[in-house]
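First up is the structure itself, then whatever we jot down about it.
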Amino acid sequence: MVVGWRRLRRGKKKKEKKEKVEEEVVTPNHFRCPVSLELMKDPVTLCTGITYDRQSIETWFDQGGFTCPLTNHLVSNFDLIPNHTLRIIIQDWCVENQRCGVQRIPTPRVPITANDVHHLLLLLHAKASRLDQDACLQSVHKIQRLGAESERNMRCLVDNGAPTALASAFHAFANANDSVERNADVSVLHQILSALNSMFSTQLEEEAIQHLGSPPSLRCMVSFLRRQDLSMKENSMVALKHLLSFGHHQHLEALAQIEGIHQLLLQFLDPRIFSPTIVKASLAVVWYLVSSSSPCNHKTRLKFIELGMVCVVLDILVDSERSLCEKALGVLDSLCACEEGREKAYGNALAIPLLVKKLLRVSSLGSDHSVCAIWRLCKFGEEMVLVEALQVGVFQKLLLVLQFGCGDETKEKATQLLKLLNPYRDAALQCIDSDFNNLKTSI
């Protein structure tokens, strides 16, 4: 009986498997996009009469396609007409086949157009001109919501001037009397800055850069760095990093002249307290300030050196990821360009070993910074600096740098370094042998 029951169960299982195979659903061909061959979620029709999935055909056009993929005819009108009838039929088909594992596609949101963006930005400009905080906040929230719906919406916002309009509104509120001190204005400014940060992946227009780089806007962002709200700190620091990346000297000078900015930037370089985003952005801002060719550059370097930036950067180099180490090496290289920075580096036992260790371990730019910093320290340092560099293996590392290839400037400095180090190789070997013999004796 038991054997018969087991056979019966096996027979039922085989029957169920056959039923499952029979229930497998085949997607109708006219439900598939001719480009991706996947089930269409947002079918749209071209002027040629062929229907595609919106994402697939937009990607086709973004990549330079000017023809209808199926008919190969030139497209004279790039308007995409939603095919609501086909979309409803596909949704009904999905519901009918849910028991087979087919999920119903959601009804897609209607994407914004250039006219929608222009109208929205005109309203934002009018509200910001009147310093209407609540109305402006509503417009900014709407911009953020539309941008978060799809990449297409975000591209449409950026291409039609949303960053410039937001930067103009930020400048208007920051420029108002006591705007930073009033809670209502602070919330507006913070929201505008948050919306701007989502659009920084693209190149900003010059007008937007000038609005964000104005003294009132810079003072407002620095005031956010002093607040307790971590999101305010992060948004402000990321905005400053992107603003300074455009290399406008007047913005660098204006930021460097704000009281307390150097202490704040140094404070944000502690990864134990602040998020990686804040630490990376802060280090990038420091690098822009100390590596620029602006007239205030020397004063800025001296200020950071007095505050202990050399030791802070060396601590970052001990155990940090490559992107952070690259910026840290750039900062250290710039600080070593002045005598005060080199003196601080000479006084830190980690300076030479860390610079040699990071050669060929971070990136090509990181190696360039390392070679330049070592060159500065060895050229203007005493004999013991050269001996120490040789003891930690700089000679072999420099030969590898030249062998693997590098820029002309780095190649020249590496060659000069090898010439400087060559006369002290015997002294370095004697020191190593002496240390080894002392260790052997103690054992």
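The values are calculated or read from the model by the stated rules, or taken from the named source; none is laboratory data. Given the structure is predicted, the values throughout are model-derived calculations rather than measurements. Reconstructed Cβ throughout: ideal geometry from the backbone, glycine too, with neighbour counts over all protein chains shown. Surface areas here come from the heavy atoms of the whole protein model, side chains and all, with no ligands, DNA or RNA. Shrake-Rupley method; radii C 1.70, N 1.55, O 1.52, S 1.80 Å.
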> Residue check: is I192 over 20 Å from Q55 (Cα atoms) and in contact with a helix residue (DSSP H, G or I) (Cβ under 7 Å, 6 or more places away or on another chain)?
Replying inline: yes
> Looking only at region 393-425, which residues are farther than 14 Å from L365 by Cα and outside any helix (DSSP H, G or I)?
Replying inline: G393
> Where residues in region 261-285 are in contact with a helix residue (DSSP H, G or I) (Cβ under 8 Å, 6 or more places away or on another chain) and not in a helix (DSSP H, G or I), which of them is most open to solvent (accessible area, probe 1.4 Å)?
Replying inline: P271
>> With the requirement that a residue be crowded, with 16+ Cβ neighbours inside 10 Å and free of Cβ contacts under 8 Å to residues at least 40 places away in the same chain, what does region 227-245 give you?
In response: L243
> Could you give every pair whose Cβ atoms fall below 7 Å, whose first residue belongs to region 358-381 and is without any contact (Cβ under 8 Å) to a residue 40 or more places away in the chain, and whose second residue is open to solvent by 40 Å² or more (accessible area, probe 1.4 Å), counting only separations of at least 6 or pairs across chains?
Replying inline: L365/E326; G381/Y346
> Can you tell me which residues in region 247-278 are touching an Asp or Glu at 6+ places or on another chain (Cβ under 9 Å) and under 21 Å from L204 (Cβ atoms)?
Replying inline: T277
> Within region 194-226, restricting attention to residues that are without any contact (Cβ under 8 Å) to a residue 12 or more places away in the chain and part of a loop (DSSP other than H, G, I, E, B), which residue is surrounded by the most Cβ atoms within 10 Å (Cβ to Cβ)?
Replying inline: Q203
> Has region 340-349 got any residue that is outside any loop (DSSP other than H, G, I, E, B), more than 22 Å from R272 (Cβ to Cβ), touching a residue at least 40 places away in the same chain (Cβ under 8 Å) and not charged (D, E, K, R)?
Replying inline: yes
>> So the check is Cβ under 8 Å with 6+ separation or different chains; which pairs have a first residue in region 104-118 that's under 21 Å from F31 (Cβ atoms) and a second one that's open to solvent by 40 Å² or more (accessible area, probe 1.4 Å) and among the charged types (D, E, K, R)?
In response: I105/K41; P106/K41; P108/K41; R109/E149
> Cβ-Cβ below 7 Å, separation at least six or inter-chain, first residue in region 268-290 and farther than 16 Å from D333 by Cβ, second among the acidic types (D, E) and open to solvent by 30 Å² or more (accessible area, probe 1.4 Å): which pairs?
Replying inline: S275/E234; T277/E234; I278/E234
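Only one of S367, S323 is closer than 20 Å to A389 by Cα, at pLDDT below 95, of a type outside the set (D, E, K, R) and not in a loop (DSSP other than H, G, I, E, B). Can you tell me which?
One residue alone meets the criteria, S367.
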> Among the residues of region 98-119, how many are surrounded by 15 or more Cβ atoms within 10 Å (Cβ to Cβ), under 28 Å from the mean Cα position of the chain (by Cα) and outside any loop (DSSP other than H, G, I, E, B)?
Replying inline: 1
> What are the residues in region 397-443 that are surrounded by 12 or more Cβ atoms within 10 Å (Cβ to Cβ), out of contact with any helix residue (DSSP H, G or I) (no Cβ under 9 Å at 6 or more places or on another chain) and either within 21 Å of L350 (Cα to Cα) or at pLDDT below 90 (or both), if any?
Replying inline: none
> For region 345-386, which residues satisfy the criterion of being under 16 Å from G308 (Cα atoms) and buried (at least 22 other Cβ atoms within 10 Å of the Cβ)?
Replying inline: A345, A351
